[in-house]
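Reading through the structure tokens given below for one structure.
The values are calculated or read from the model by the stated rules, or taken from the named source; none is laboratory data. Small disclaimer: the values here were computed from a predicted structure and weren't measured. As a convention, Cβ positions derive from the backbone with ideal geometry for all residues, glycine included, and neighbour counts pool all protein chains shown.
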Amino acid sequence: MRFRSYTPGVARSVIDFIHGWFEARGLEAVRYKGAGPHEDLTSLVVRIGSGEPRILLHGHADVVPGEERQFDPYEEDGELYGRGVYDMKGALAAMMCAVEELDALGCNATVELLVVPDEEQEHGGRTGAEVLIEHGHVGDFMITGEPTDFHIGTQSKGVLDLRITLRGKSAHGSTPWLGKNAVLLAHDHYRRVTDLPFASERNPLFPYPSMNLARIIGGDVLNRVPDRCTYDLDIRYLPNQRPEEIVRQIQALDLPAEVEVLFSREPTYVSRSNPYVKTLREVAARHFRGNPVGVGRHGASDIVYFQRAGIPGVEFGPIGGGHHGPNEYVVADSLETYRQMLVQFVQILGKGS
């Protein structure tokens, strides 16, 4: 957690640390260089066992930026605080220990731990997950340790990132009524977007899609009415929605704007009746106070790349809160419970092979 792994160089240092940790325990780790603009990043794979089924455990070593104090972790009242402890270095550490234990116990299934350095990054090329898939690291089922509080994330929203530009009319700042302020137009446009039909749709696991007005750029000097304003909108849409229809609704507004798609990624979905999901739910129920039902996840993850390759997967991680926020934490003893769950899950599957 002390690694400030929101930069490529430090993310690579985390991979170095994990590689050394496994080597010290006699477990071989294979590394793969990134591609394109990410060639300075490397992903890592540790494989144990040789039987069926083939289970993938996935974790990312990078984090989002945080306050400096968050890289000096501390524990208080059974909660471990620090940047990335919940998303998802805590789960990754538990996965590492689970792989070590499964190897010592003798693993009848095949387990691969996939560690990538770039899940939190904005991408302009192939991701670490895609590189691993291209090198044949696929299987029958995948668990990524994203934060879920022991619930099983069977759906996640899709991602649609848009850049929307409004054009106005410039005028002197002392006579704004002679111009048309593009910043105010952009504000009005955003409000209209939030009232569009797609914004109020729902499905059984999600009450609504979500929208984040992430960036806004408009104006240059104080004494001039801005004639151009651009805002970036991060839309997380539902599995039953189509991004093309969302863009169509926005373009159809009676306030003209240029709409550019910056990035789009489809939702993920796996049936609650999937046999691996059912086994994981049975294992989680042994330790969980409640029902670890399949839930919808608002954020996106690397599952989407494996889904494209025909591999079903779920988000499943320990208990905590505040990820990407100023007080990120994980319940410390949930990490040990999480490790036990992973070991028991693989052992059950191995006995059935």
**OP:** Report yes if Leu114 is modelled with pLDDT of 95 or more, outside any strand (DSSP E or B) and not acidic (Asp, Glu), otherwise no.
**Re:** no
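If the requirement is being assigned by TED's automatic domain parsing to the domain that holds Glu328, surrounded by 14 or more Cβ atoms within 10 Å (Cβ to Cβ), of a type in the set (Val, Ile, Thr) and under 30 Å from Gly322 (Cα atoms), which of these qualifies: Ile235, Ile217, Ile152? Explain how you work it out, then say what you get.
Working: Ile235 fails: assigned by TED's automatic domain parsing to the domain that holds Glu328; Ile217 fails: assigned by TED's automatic domain parsing to the domain that holds Glu328.
Just a single option satisfies the conditions, and that option is Ile152.
Is there a residue being closer than 14 Å to Ser156 by Cβ, touching a Gly at 6+ places or on another chain (Cβ under 9 Å) and not in a strand (DSSP E or B) anywhere in the range 324-336?
From the range 324-336, those closer than 14 Å to Ser156 by Cβ are none; that's our starting set.
Within the range 324-336, none of the residues are closer than 14 Å to Ser156 by Cβ, touching a Gly at 6+ places or on another chain (Cβ under 9 Å) and not in a strand (DSSP E or B).
Residue-by-condition table, conditions (1) in a helix (DSSP H, G or I); (2) in the same structural domain as Glu328 (by TED's automatic domain parsing); (3) within 18 Å of the chain's Cα centre (by Cα); (4) under 30 Å from Gln347 (Cβ atoms):
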residue: Ser13; (1), (2), (3), (4): yes, yes, no, no
residue: Phe17; (1), (2), (3), (4): yes, yes, no, yes
residue: Trp21; (1), (2), (3), (4): yes, yes, no, yes
residue: Gly26; (1), (2), (3), (4): no, yes, no, yes
residue: Val30; (1), (2), (3), (4): no, yes, no, yes
residue: Asp40; (1), (2), (3), (4): no, yes, no, no
residue: Leu56; (1), (2), (3), (4): no, yes, yes, yes
residue: Val64; (1), (2), (3), (4): no, yes, yes, no
residue: Ala93; (1), (2), (3), (4): yes, yes, yes, yes
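Would you mind finding the one in Leu44, Leu92, Leu27 that is in contact with a helix residue (DSSP H, G or I) (Cβ under 6 Å, 6 or more places away or on another chain) and either of a type outside the set (Ser, Thr, Tyr) or within 27 Å of Gly136 (Cβ to Cβ) (or both)?
Values: Leu92 fails: in contact with a helix residue (DSSP H, G or I) (Cβ under 6 Å, 6 or more places away or on another chain); Leu27 fails: in contact with a helix residue (DSSP H, G or I) (Cβ under 6 Å, 6 or more places away or on another chain).
Of Leu44, Leu92, Leu27, the one residue that is in contact with a helix residue (DSSP H, G or I) (Cβ under 6 Å, 6 or more places away or on another chain) and either of a type outside the set (Ser, Thr, Tyr) or within 27 Å of Gly136 (Cβ to Cβ) (or both) is Leu44.
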Subject >> Selection within the range 251-269 - in contact with a helix residue (DSSP H, G or I) (Cβ under 6 Å, 6 or more places away or on another chain) and β-branched (Val, Ile, Thr) >> reply: Val259, Thr268
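From the list Gln340, Gln344, Gln249, which one is crowded, with 18+ Cβ neighbours inside 10 Å and modelled with pLDDT of 95 or more? Lay out the reasoning, then the answer.
Values: Gln340 fails: crowded, with 18+ Cβ neighbours inside 10 Å; Gln249 fails: crowded, with 18+ Cβ neighbours inside 10 Å.
When all the criteria are applied, what remains is Gln344.
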Original post:
With (1) out of contact with any strand residue (DSSP E or B) (no Cβ under 6 Å at 6 or more places or on another chain); (2) more than 19 Å from Thr268 (Cβ to Cβ); (3) β-branched (Val, Ile, Thr) as the list, and Val111 as the residue in question, which single condition is left unmet?
Top reply: (1)
Original post:
Looking at the range 128-148, is at least one residue in contact with a strand residue (DSSP E or B) (Cβ under 9 Å, 6 or more places away or on another chain), assigned by TED's automatic domain parsing to the domain that holds Glu28, among the aromatic types (Phe, Trp, Tyr) and buried (at least 21 other Cβ atoms within 10 Å of the Cβ)?
Top reply: yes
Original post:
Only one of (1) within 25 Å of Cys97 (Cβ to Cβ); (2) at pLDDT below 90; (3) not in a helix (DSSP H, G or I) fails for Ala300. Which number is that?
Top reply: (1)
Original post:
Picking from Val30, Val85, Val64, which residue would you name as being surrounded by 16 or more Cβ atoms within 10 Å (Cβ to Cβ) and of a type in the set (A, V, I, L, M, F, W, C)?
Top reply: Val85
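May I ask you to verify whether Val46 is touching a residue at least 60 places away in the same chain (Cβ under 8 Å) and outside any helix (DSSP H, G or I)? Before the answer, list the steps.
Details: touching a residue at least 60 places away in the same chain (Cβ under 8 Å): yes; outside any helix (DSSP H, G or I): yes.
So Val46 fits the description; yes.
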